[in-house]
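Colleague: Below you will find the structure I want to go over with you.
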Ligand code: ADP
Ligand code: MG
């Protein structure tokens, strides 16, 4: 599925819709360059899950846990990860295979430990379509 947005608000609302529909145990990977709107989308998802506290990028902690929504929200940012062992140290499996909603920014860096099934969200700009244009592709991934 491909969605085009033309403002941060639209991206936020898409996130909110995803958060409202999300099933417990879902894992989403979020791919896109710096400043493309990953945090904006994540903030919408958090709102859709019923989380009121502000979401910031968990850049220095790998994972940030929010418990106040209709299910736990595990927000990973693995941009600065050195190797997979760091994921093992924090016990990533309890999150990925738990009953919450897992969102992993820069999931392409930890591809080898992603679950068999996850939802991949890719956000891209297109300068020809304007400064605030974003192309958001959502696809289900099933490892063979
Ligand atoms: P990332 O987390 O991917 O590094 P952010 O979500 O922090 O990026 O920032 C995205 C920036 O792009 C924000 O300043 C936001 O206002 C701006 N922006 C402009 N158009 C859009 C859009 N259509 N969707 C999301 N963000 C947009
Ligand atoms: Mg961000």
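The values are calculated or read from the model by the stated rules, or taken from the named source; none is laboratory data. Here the structure is a predicted model, which is why all the values come from computation and not from measurement. With ideal geometry, Cβ positions are generated from the backbone for all residues, glycine too; neighbour counts draw on all protein chains shown.
Colleague: Exactly one condition in (1) modelled with pLDDT of 95 or more; (2) more than 13 Å from ligand 2 (Cβ to nearest atom) is false for residue 36; which is it?
Modeller: (2)
Colleague: Going by the structure shown, is residue 97 crowded, with 16+ Cβ neighbours inside 10 Å and within 17 Å of the chain's Cα centre (by Cα)? First the steps, then the outcome.
Modeller: Values: crowded, with 16+ Cβ neighbours inside 10 Å: no; within 17 Å of the chain's Cα centre (by Cα): yes.
In short, no.
Colleague: Out of the residues in region 66-85 that are within 21 Å of residue 111 (Cα to Cα) and more than 14 Å from ligand 2 (Cβ to nearest atom), state the one that is modelled with the lowest pLDDT. Spell out the reasoning first.
Modeller: Looking only at region 66-85, we keep the residues that are within 21 Å of residue 111 (Cα to Cα), and these are 73-85.
Okay, now just the ones that are also more than 14 Å from ligand 2 (Cβ to nearest atom), so 73-74, 81-85.
Details: 73: 97, 74: 96, 81: 88, 82: 83, 83: 89, 84: 92, 85: 93.
Applying the filter and picking the extreme gives 82.
Colleague: Follow-up question, since we're still on this one. For the subset of region 4-42 comprising residues that are touching a helix residue (DSSP H, G or I) at 6+ places or on another chain (Cβ under 8 Å) and part of a loop (DSSP other than H, G, I, E, B), which member is nearest to ligand 1 (Cβ to nearest atom)?
Modeller: 37
Colleague: For residues that are under 16 Å from the mean Cα position of the chain (by Cα) and either part of a strand (DSSP E or B) or over 20 Å from residue 87 (Cα atoms) (or both), tally how many sit in region 106-133.
Modeller: So the count comes out to 8.
Colleague: Determine whether residue 7 is exposed (fewer than 15 other Cβ atoms within 10 Å of the Cβ) and within 16 Å of ligand 2 (Cβ to nearest atom).
Modeller: Working: exposed (fewer than 15 other Cβ atoms within 10 Å of the Cβ): yes; within 16 Å of ligand 2 (Cβ to nearest atom): no.
For residue 7, the condition - exposed (fewer than 15 other Cβ atoms within 10 Å of the Cβ) and within 16 Å of ligand 2 (Cβ to nearest atom) - is not met.
Colleague: Given the conditions (1) within 14 Å of ligand 1 (Cβ to nearest atom); (2) within 23 Å of residue 139 (Cβ to Cβ), which single one is not true for residue 55?
Modeller: (2)
Colleague: What is the one condition in (1) surrounded by fewer than 19 Cβ atoms within 10 Å (Cβ to Cβ); (2) part of a strand (DSSP E or B) that residue 103 does not satisfy?
Modeller: With respect to (1) surrounded by fewer than 19 Cβ atoms within 10 Å (Cβ to Cβ); (2) part of a strand (DSSP E or B), residue 103 is out only on (1).
Colleague: Also, quick follow-up: Can you say whether residue 140 is assigned to a helix (DSSP H, G or I), surrounded by fewer than 18 Cβ atoms within 10 Å (Cβ to Cβ) and more than 16 Å from ligand 1 (Cβ to nearest atom), as far as the supplied structure shows? Walk me through it before giving the result.
Modeller: Numbers: assigned to a helix (DSSP H, G or I): no; surrounded by fewer than 18 Cβ atoms within 10 Å (Cβ to Cβ): yes; more than 16 Å from ligand 1 (Cβ to nearest atom): yes.
No; evaluated as a whole, the condition is false for this residue.
Colleague: Also: Mind listing just one residue for me: the one in region 43-61 that is assigned to a loop (DSSP other than H, G, I, E, B) and touching a residue at least 40 places away in the same chain (Cβ under 8 Å) and, of those, farthest from ligand 2 (Cβ to nearest atom)? Spell out how you get there, then give the answer.
Modeller: Keep residues of region 43-61 that are assigned to a loop (DSSP other than H, G, I, E, B), which gives 49-61.
This time we only want the ones that are touching a residue at least 40 places away in the same chain (Cβ under 8 Å), so: 49, 57.
Numbers: 49: 18, 57: 4 Å.
My answer is 49.
Colleague: If the requirement is being more than 16 Å from ligand 2 (Cβ to nearest atom) and modelled with pLDDT under 95, which of these qualifies: 139, 116, 105? It would help to see each step written out before you state the result.
Modeller: Working: 139 fails: modelled with pLDDT under 95; 105 fails: more than 16 Å from ligand 2 (Cβ to nearest atom).
After applying the criteria, what remains is 116.
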